[in-house]
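Data block below; observations after.
Just so it is clear, none of the values below were taken in a lab; they were calculated from the coordinates. Given the structure is predicted, the values throughout are model-derived calculations rather than measurements. In this analysis, Cβ positions are derived from the backbone assuming ideal geometry, glycine residues included, and neighbour counts consider all displayed protein chains.
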Ligand code: NDP
C-alpha cells in the first residue's frame, strides 16, 4: 500500500508542498502520496483524526494550525517543545508525534545553499511569531556573536529572547527589543520572519542596518522582490535571498523524519528557480 502524507492549512490551495514531496519521492524512489487538505478553521483536530483513520502516516501543518498541532501532539521533539509550534506530524501506533523542521530548514538553506555561515556574525531576526520561534533555537546553535530579536510588539521580543537566553545559557548573545532601539546598529545577517511582506508592508527599519558584506533574507517567497528585499538592496546589503530555499529544506527535513532518507533539497531548489 502506498503511504499517505499531506499538508493541512487554511488556505492551502497555493501550497507548493505536494509538488515538493512528489519530487522528493521520485528522487529517492520512495512510494508515497502527498495531498493538500483544507481543514476548516474550527475543525483541525477532526481533519487530522480523519486522515489518521484513513491510514495517513504523517502530515505537515501550515498557517494557521501550527500552535493547535503543538497542543494535539501526544509527544514532541525537543525542538518543537522549544518552538511552541509544530509543522510536522508523524502518526505511529496511536501516538501523534510533533516536530518542527522550520529552523533546520532555514539553517540548511543559509549554510549549504547560500554558503553563509552565521557563526561569529551579528544576526538580526525581525518578528516574534511562530516562524521566529521555530528558527531561534537552530540559529543560536550556529554560534552567532550576537543575535537580536525585534518585534512590533516589543514585549513579545523581550519574552522570546529571555526564554531562549535562559534555555541556551546565552544571556550575553541574545537580546530582544522594539524597532526603535535599532538606530545606529549594523548587522551581518538580517532575517525577516514577520508576515509584513504578505501585506506588501515593510517593518519600521532604520537606515544603516546592513553591514558591509551582509545578507538580507526574507522568509517570504513569491514573484520578484518583497518590500524587505527591495529595501535591503537600496540600503546596500551585499546579498538578498527569499524563503523558497527554506521552504524546500524544511520539507526535506520532514521527509527525512518520516522516511529516514534525506532528499537533495539543493537540486530541487535549482529546478524550481529555473522553472
Ligand atoms: P505570525 O502571524 O505567527 O507572526 C507574524 C509576525 O509578523 C509577528 O511578529 C508580527 O508582529 C509581525 N508583523 C506582522 N505585520 C507586521 C508589520 N506590518 N510590521 C512589522 N511586523 C509585522 O506569522 P508566522 O511567524 O507564522 O509567519 C511569518 C512569515 O514567515 C510569513 O510570511 C510566512 O509565510 C513565513 N514563513 C516562511 C516559511 C518558509 O519555509 N519559507 C516557513 C514559515 C513561515 P506583532 O507580534 O507585533 O503582531
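Quick notes on this structure:
- By DSSP, the beta bridges lying fully in region 3-100 are antiparallel in about 35 percent of cases.
- Ranked packing of 180-190, 163-173, 120-130, most packed first, by mean Cβ within 10 Å: 120-130, 180-190, 163-173
- To the nearest ten degrees, helix 44-53 and the longest principal axis of the Cα atoms of the chain are 40 degrees apart.
- Whole-angstrom gap from region 143-180 to region 224-251, using each part's C-alpha centre: 22 Å
- Simple spin-label estimate for residue 271 and residue 26 gives 0.5 nm between the two label positions (7 Å along the Cα-to-Cβ direction from each Cα).
- Ranked list, fewest to most other Cβ atoms within 10 Å of each Cβ, for 92, 264: 92, 264
- When each of the peptides 72-78, 5-11, 132-138, 231-237 is scored by the mean number of other C-beta atoms lying within 10 Å of its residues, the order from highest to lowest reads 132-138, 5-11, 231-237, 72-78.
- Share, in percent, of DSSP beta bridges within the chain that are antiparallel, nearest 5: 20 percent
- Cα long-axis angle, helix 265-274 against the chain (0 to 90 degrees, to the nearest 10): 80 degrees
- Global form of the chain, assessed from the alpha-carbon gyration tensor, a/c cut-off 1.5: prolate
- Only helices enter this figure: runs of n ≥ 4 DSSP H residues, each worth -39500 (n - 2.57), summed and divided by the residues of the chain, yield -11000 deg cm²/dmol at 222 nm to the nearest 500.
- Relative contact order of the chain, defined on C-alpha pairs under 8 angstrom at six or more residues apart (%): 15 percent
- Cα gyration tensor, region 79-214 - rounded (a/c under 1.5), prolate or oblate: prolate
- Segments 31-38, 101-108 sorted - mean Cβ within 10 Å per residue, highest first: 101-108, 31-38
- Between 0 and 90 degrees, the angle of helix 17-28 with respect to the longest Cα principal axis of the chain falls at about 70 degrees.
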